[in-house]
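Let me begin by presenting the structure, written as structure tokens, before commenting on it.
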Amino acid sequence: MNAPASRFFGALDKVRYVGPDSDAPLGYRWYDKDRVIAGRTMAEHLRFAVCYWHSLCWPGGDPFGGETFLRPWMHGTVPMEMAEAKADVAFELFRLLDVPYFTFHDVDAAPEGANLVEQKDNVAAICDVFEEKMAETGVKLLWGTANLFSNRRYMAGAATNPDPDVFAYAAGQVRIALEATKRLGGANYVLWGGREGYETLLNTDMKRELDQFGRFLAMVAEHKHKIGFDGPLLIEPKPREPSKHQYDFDVATVYGFLERYDLLDDVKVNIEQNHALLAGHSFDHEVMLANALGIFGSIDINRGDALLGWDTDQFAMDVAELTLVMHEILKGGGFTTGGMNFDAKIRRQSLDPIDLLHGHVGSIDACARALINAAAMLEKGTLEMPRAERYAGWNAPEAKAILAGERTLAEVADRAIAAKLDPQPRSGRQEYLEGLVMRSV
């Protein structure tokens with residue numbers, strides 16, 4: 001290797017809060033982790049996590065060009081030595097950013113085994129390394145997961161694969177990753193169905209695949225309880241890419257799936273901005289709906305490119321968008337076991353190690369500023385007061401009786417006739433509310 005992995009970032013100091021007026025080249029202008037907002041510190045509200053895959057494993061390639069980053073831990077002949085060198089860089093990154101959590105896929109952190117026995121040994125070995133580094137740094141695991149989409153065996157899906165042997169292999173891989181997550185004290189376990197979908201209906205039995213997917217998740221939930229893992233399982237909705245149609249399309253689709261297969265007690269959602277856009281929704285729409293349905297769990301924080309139709313995974317910097325998202329998170333009571341995971345990558349032209357720090361620092365500040373904005377909006381009732389006014393009629397006794405199931409369709413209709421109701425439309429005041437948000441940001 002070119003240099004010791006632990007010195008990858010050079011002699012940098014931990015990133016600290018410097019205030020909004022500072023000219024320091026690398027510092028938090030809005031993220032003051034100990035500042036109390038709405039009863040919690042910023043660190044407790046935001047629960048930031050750095051992901052292993054984009055930060056440490058992505059080589060900078062795209063469909064038209066290969067590796068640009070030339071990371072030293074990606075070039076070697078002894079896989080476990082490379083994994084340990086990668087862990088050195090990872091925990092140095094976590095330390096410099098001063099974040100409380102990290103996240104990983106099994107094959108991000110450990111070499112992929114030639115079989116499940118080798119896979120288990122490799123994951124156990126890297127867990128030994130992680131435990132030591134977590135004890136040294138105080139960094140915790142927000143969630144772990146298994147990569148059930150990269151290996152060619154999963155080209156037709158994992159749980160939804162037409163071959164039961166692939167289903168079984170995936171079950172083995174998840175068992176290893178779930179047990180590793182428990183060992184490391186992970187707060188959640190994520191299942192991203194990157195290949196759980198279809199390319200064409202010409203060779204697809206959709207009902208069979210959905211039943212397989214439902215049974216797979218039920219088995220994971222059963223094993224979670226068996227080993228005493230207390231955290232929730234999280235499904236990450238995504239509509240397309242890589243599959244043309246994926247079964248976990250959006251929050252609404254996932255909710256219907258969980259209800260159909262009786263999984264609502266064990267599974268919640270991990271929502272990503274880029275995936276929300278690909279599904280034709282806004283980020284705050286998906287968060288609001290997840291809270292409304294009682295399945296909000298965690299967030300992958302990134303952003304997509306409006307000019308491109310795929311998952312670009314850029315660092316989230318849009319404070320206005322993030323303010324509306326934080327508003328819905330706070331209104332729903334905030335995170336419990338979840339947090340804000342940086343499922344984001346620097347651009348392939350961002351070659352310097354410090355670029356990795358700048359991407360995280362800028363996005364952390366954007367999220368912190370959004371939290372400040374959202375807390376102020378909730379305290380003032382910026383959106384909640386107009387919303388309450390708009391729906392105030394439903395607080396009347398007769399309206400409450402309708403929603404409580406105490407009136408039949410005929411009774412409601414008869415009342416409208418007897419009262420000679422002639423309701424007139426009222427303004428939704430969208431432009432006024434947009435102005436309020438703009439002034440709050």
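The values are calculated or read from the model by the stated rules, or taken from the named source; none is laboratory data. What you see is a predicted model; the values in this text were computed from it and never measured. Positions of Cβ are backbone-derived with ideal geometry, glycine not excepted, and every protein chain shown enters the neighbour counts. Quick note on the areas: whole protein, heavy atoms, side chains included, nothing else; ligands and nucleic acids left out. Shrake-Rupley method; radii C 1.70, N 1.55, O 1.52, S 1.80 Å.
Working carefully through the options Trp53, Trp30, Trp73, find the one that is in contact with a Lys or Arg (Cβ under 7 Å, 6 or more places away or on another chain) and either farther than 17 Å from Cys367 by Cβ or hydroxyl-bearing (Ser, Thr, Tyr) (or both). The match here is Trp73.
Here Lys140, Lys86, Lys120, Lys133 are screened, and the one residue that is open to solvent by 50 Å² or more (accessible area, probe 1.4 Å), within 30 Å of Leu26 (Cβ to Cβ) and not hydroxyl-bearing (Ser, Thr, Tyr) is Lys140. Taking the range 283-295, which residues are touching a residue at least 12 places away in the same chain (Cβ under 8 Å) and either open to solvent by 10 Å² or more (accessible area, probe 1.4 Å) or under 11 Å from Val325 (Cα atoms) (or both)? The answer is Phe283, Asp284, Glu286, Val287, Met288, Leu289, Asn291, Leu293, Gly294. The C-beta contact set for the range 14-32 (first residue farther than 17 Å from Leu96 by Cβ and modelled with pLDDT of 95 or more, second residue open to solvent by 70 Å² or more (accessible area, probe 1.4 Å) and of a type in the set (Lys, Arg), distance under 6 angstrom, 6+ apart or interchain) comprises Trp30/Arg369.
Within the range 412-441, the residues that satisfy the criterion of being more than 30 Å from Leu324 (Cβ to Cβ) and open to solvent by less than 90 Å² (accessible area, probe 1.4 Å) are Val412, Ala413, Ala416, Ala418, Ala419.
Within the group Ala170, Ala180, Ala158, Ala221, which residue is under 16 Å from Lys268 (Cα atoms) and either more than 17 Å from the chain's Cα centre (by Cα) or open to solvent by 20 Å² or more (accessible area, probe 1.4 Å) (or both)?
Every option except Ala221 fails the conditions.
Scan the range 43-54 and give yes if some residue there is closer than 30 Å to Glu328 by Cβ and open to solvent by 70 Å² or more (accessible area, probe 1.4 Å), otherwise no.
yes
Of the residues in the range 320-327, at least one is over 14 Å from the mean Cα position of the chain (by Cα) and among the β-branched types (Val, Ile, Thr). Restricting the range 315-342 to residues that are assigned to a helix (DSSP H, G or I) and charged (D, E, K, R), the residue that is least open to solvent (accessible area, probe 1.4 Å) is Glu328. If we scan the range 93-115, do we find a residue that is farther than 20 Å from Gln173 by Cα, open to solvent by 50 Å² or more (accessible area, probe 1.4 Å) and not aromatic (Phe, Trp, Tyr)? For the range 93-115, residues farther than 20 Å from Gln173 by Cα, open to solvent by 50 Å² or more (accessible area, probe 1.4 Å) and not aromatic (Phe, Trp, Tyr): present.
Of the helices (runs of 4 or more DSSP H) entirely within the range 1-118, those holding at least 1 residues that are under 20 Å from Phe130 (Cα atoms) occupy 79-97, 106-109.
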